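Please read the structure below before turning to the comments.
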Amino acid sequence: MKKSVLFAIIFVMGFVFFMALFSSNIKQVIPLTGKTTSTAVVGFFVSGEIQERNVSKGWNFVSFYVEAGNYSVENVLNSIEGYYDYVLEWDSNNQKFKTWSKFGTREFNELNKNKSYFIFLNSAGKKIILDGEKFGNLTLILRDGWEAPDYIYEYESENITENTFKNVTFEYIQKWNETKQEFMVYSKLRNEQPFNKIYPGEGYLILTKGGYLVYVRTQG
């Protein structure tokens, strides 16, 4: 079995187990995620209406801030063709990941423009380049449980405690440290947080009790 295949299987199984424990008690989070880390540096560039997003070997958690004309997996990830093995989409209805694999399993063929995605790269030093239109104003309805919404801005968010999430009742937000290949967890039960903003091109998971996420374009 290829190392990348084995790693993907371990990741998916471990993440499902992690989710089951995470929702019950913050004390169970720390051992499972390891020590909290500082915010990973995510490289991004804005050139007109083109998004360029640096990605690393291993798992990357990404979102898109331009709208593509064609949302097939192959079209959106055309710039890294041959270098990605897996794409994971969070199924909020069933609270589990769906898998797209170049090795055969394909539970979806198109990306949802309102979601973030895990992408597994088999090579380092690559860049996702997506040409499209900027998003307009957008309201996303969030249900109870884990959600993985898109972050549509090409600039960093306000602090999480301010306007970005003011209409959402949430307990945790998770971002992915691509360097250390582990989650960073923002919790309302902590005094000190490993991060307090969402940056362009970053994906994230949020555990909510419902609400709506309002994106109002104030730049560009």
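The values are calculated or read from the model by the stated rules, or taken from the named source; none is laboratory data. Quantities reported herein were computed from a predicted structural model and do not represent experimental measurements. Here Cβ is always computed from backbone atoms with ideal geometry, including for glycine, and neighbour counts include all displayed protein chains.
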In contact with a helix residue (DSSP H, G or I) (Cβ under 6 Å, 6 or more places away or on another chain) and of a type outside the set (Phe, Trp, Tyr) - does that describe any residue in segment 71-84? no
### Condition met for residue 182 (in contact with a Phe, Trp or Tyr (Cβ under 8 Å, 6 or more places away or on another chain), of a type in the set (D, E, K, R) and under 27 Å from residue 67 (Cα atoms))
no
Kindly establish whether residue 92 is within 20 Å of residue 180 (Cβ to Cβ), in contact with an Asp or Glu (Cβ under 7 Å, 6 or more places away or on another chain), of a type outside the set (Lys, Arg) and modelled with pLDDT under 95.
no
Among residues of segment 94-121 being touching a residue at least 40 places away in the same chain (Cβ under 8 Å) and outside any strand (DSSP E or B), the residue farthest from residue 140 (Cα to Cα) is 103
Looking across segment 84-126 at residues that are under 16 Å from residue 174 (Cβ atoms) and small (Gly, Ala, Ser), the single one that is surrounded by the fewest Cβ atoms within 10 Å (Cβ to Cβ) is 92
Practice task
Considering every residue within segment 168-179, establish whether at least one is more than 12 Å from residue 62 (Cα to Cα) and in contact with a helix residue (DSSP H, G or I) (Cβ under 6 Å, 6 or more places away or on another chain).
Solution key: no
Picked from segment 141-152 (must be hydrophobic (A, V, I, L, M, F, W, C) and buried (at least 20 other Cβ atoms within 10 Å of the Cβ)), the residue farthest from residue 170 (Cα to Cα) is 152
Of the listed residues (138, 130, 189), the one being more than 16 Å from the chain's Cα centre (by Cα) and surrounded by 19 or more Cβ atoms within 10 Å (Cβ to Cβ) is 130
